[in-house]
1. Work out how much length R507 to S235 would gain on full extension: take 0.36 nm times their residue separation and subtract the Cα-Cα distance, in nm to one decimal.
2. Which of rounded, prolate, oblate describes region 109-205, given a ≥ b ≥ c as roots of the alpha-carbon gyration tensor eigenvalues and a/c under 1.5 marking rounded, otherwise prolate only if a/b is larger than b/c?
3. Which value, in Å³ per residue, describes the convex hull spanned by the Cα atoms of region 285-339?
4. For the pair D222 and T136, how long in nm is the line joining their label points, each one 7 Å along Cα→Cβ?
5. Please report, in debye to the nearest 20, how large the charge dipole of the chain is about its Cα centre when each Lys and Arg carries +1 at its beta carbon and each Asp and Glu carries -1 there.
6. Could you work out the local net charge near T291, counting Lys and Arg as +1, Asp and Glu as -1, over the other residues with Cβ closer than 14 Å to its Cβ?
7. Take the Cα coordinates of region 94-270, assign each an equal point scatterer, and use the Debye formula without solvent to give log10 I(q)/I(0) at q = 0.10, 0.16, 0.17 Å⁻¹.
8. Using Cα atoms only, what is the angle between the long axis of helix 7-17 and the major principal axis of the chain, expressed in degrees (0 to 90) to the nearest 10?
Amino acid sequence: MRCDQTLAWKNLQAHAQGFAGFDLRTAFAADAQRAQTLSQSAPHVFADLSKNHTDSATEALLMALAQQTGLAAHRDAMFRGEHINATEDRAVMHWLLRQPAGSLQGALAAPLAQVHETLDAMLRFAEQVRADAQITDVVNIGIGGSDLGPQMAVLALQDFVIPGKRFHFVSNVDGHELAAVLQGLKAENTLFLIASKTFTTIETMTNARSALTWFQAQGGTDVARHFAALTTHVSAAAAFGITTTFGFWDWVGGRYSVWSAIGLPVAIAIGAQGFRDLLAGAHAMDQHFQTAPLEANLPVRLGLLDLWYRNFLGYTSRSIAPYHSALRRVPAYLQQLEMESNGKRVDRNGQALPYGTSPVLWGEPGTNGQHAYFQMLHQGTDVVPLEFIAVKKPTHSLKDHHELLLANAIAQAQALMLGQADAGGHKHFTGNRPSTFLLLDELTPASLGALIALQEHRVFTSGSVWGINSFDQWGVELGKVLAKDIHARMLSGDASGLDASSAELLRRVR
């Protein structure tokens with residue numbers, strides 16, 4: 001049953017009306033156990049949810065909503081390999097990419113064996129590259145999930161990256177990006193990874209062809225040694241001169257693909273064992289999502305909290321503040337994960353929805369954000385829930401830095417909640433601003449894997465309850481189709497049939 005047709009939805013609407021006067025300060029004063037009740041541990045992640053605009057009654061109503069919309073059954077269908085991506089008639093099995101070898105029977109045994117055959121081959125190649133002293137630079141050319149995931153993970157795990165090799169990521173069709181990367185490279189020392197499932201993605205293939213032209217102009221001749229492809233279109237890669245390819249399957253969405261062959265730059269950076277640890281951390285969170293009761297299931301609690309904010313309290317965005325510089329690309333990664341997955345206006349049957357779906361995600365690392373947009377979070381007219389991500393143990397030995405970093409994170413969450421009175425108004429903070437605090441003991445491949453899988457399942461939860469298909473992305477296609485037409489018109493100058501604005505812009509840029 002769609003969420004807005006359930007009794008729980010109506011009860012939540014009534015509950016939200018009486019929630020207008022909710023105040024975090026009062027809630028903490030009234031409940032000495034609030035911090036414990038609204039916090040929990042999951043694999044590698046501790047979550048403090050107590051500074052959110054919620055209470056035990058809200059959580060109970062949200063759990064009823066999850067039950068009445070069939071969340072658990074939908075989750076179980078995904079883990080059985082059913083084709084829950086109905087618009088593309090595909091299974092959704094990114095979770096299978098981190099499933100231990102030989103751990104499944106029946107229909108999923110063969111796909112799991114194929115996963116590990118590809119994984120083992122990819123990791124062998126990664127180790128060969130790591131051992132090749134001549135290769136000093138690895139350039140990943142991809143876009144969307146073929147860029148955001150690997151780039152985020154390599155940056156996040158910088159402390160585990162092999163010395164003597166540099167990693168570069170090129171995604172934008174804007175030639176300035178590729179040119180800036182190539183400027184500091186030598187052909188004989190560079191390995192290019194071309195990441196495109198179909199080997200037709202226009203941005204990726206434009207950059208790939210330019211990289212090949214540069215390579216040959218620099219005297220490079222052995223394309224097979226200096227180019228590898230992450231694609232299922234082996235013949236197209238071969239026509240390009242590439243003989244080393246690693247594929248993946250149509251049940252792997254781009255934004256969920258870092259666990260697949262798309263993760264090759266991560267595997268080269270942190271090694272085979274490090275990559276297996278990344279998968280193991282994600283699998284541990286998979287197990288938690290699959291087996292923990294809904295009321296003690298962290299991805300479920302977070303996903304339902306997101307829905308409560310979006311549909312009942314009217315909070316339309318969420319800010320992400322990672323208090324660790326290595327996690328600086330996590331906000332961008334989560335933007336794609338959530339907004340591409342749940343930015344939908346129709347339900348799974350194609351019917352227009354009368355309620356909002358994905359919030360807007362945005363953010364920057366702390367403490368940088370404190371000196372930029374935190375002004376708006378503290379004193380702006382909109383309430384924006386903030387999600388802190390912090391790491392308990394640093395990997396550097398610089399005195400006082402990490403203690404000051406963590407102190408800032410805790411203090412900002414406290415300030416958002418407590419506020420400050422000022423009769424003059426300019427220094428008045430209303431307080432009662434909600435936040436979530438996610439804490440990792442250490443930033444390791446395993447804990448990063450768990451953190452990202454947590455976010456994946458959180459998005460699944462809200463999308464499932466909303467009754468939408470979180471696993472297609474038709475919204476990215478229309479502009480790409482029109483761009484091909486405009487590109488041809490730029491060459492010919494033909495503006496016939498264009499709207500007046502596009503025709504004028506075309507005239508000005510030619």
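1. Details: separation 272, 0.36 × 272 = 97.92 nm, distance 3.92 nm.
Result: 94.0 nm gained on full extension.
2. Working: a/c = 1.82, a/b = 1.21, b/c = 1.50.
Judged from the Cα gyration tensor, region 109-205 comes out oblate (a/c at least 1.5, b/c at or above a/b).
3. Working: hull volume 6.1 nm³, N = 55.
With only Cα atoms used, region 285-339 gives 111 Å³ per residue.
4. Rounded to a tenth, the inter-label distance reads 1.7 nm.
5. Working: 39 positive and 45 negative charges, 72 e Å.
Charge dipole, the chain, about its Cα centre: 340 debye, nearest 20.
6. Numbers: positive: R75; negative: D76, D286, E295.
My count for the surroundings of T291 gives -2.
7. -0.36, -0.92, -1.04
8. Result, in degrees: 70.
FYI, it's all coordinate maths here, none of it is from the lab. Just so it is clear, the model here is predicted, and its values are computed rather than measured. Positions of Cβ are generated from backbone atoms using ideal geometry, with glycine treated the same way; all protein chains shown enter the neighbour counts.
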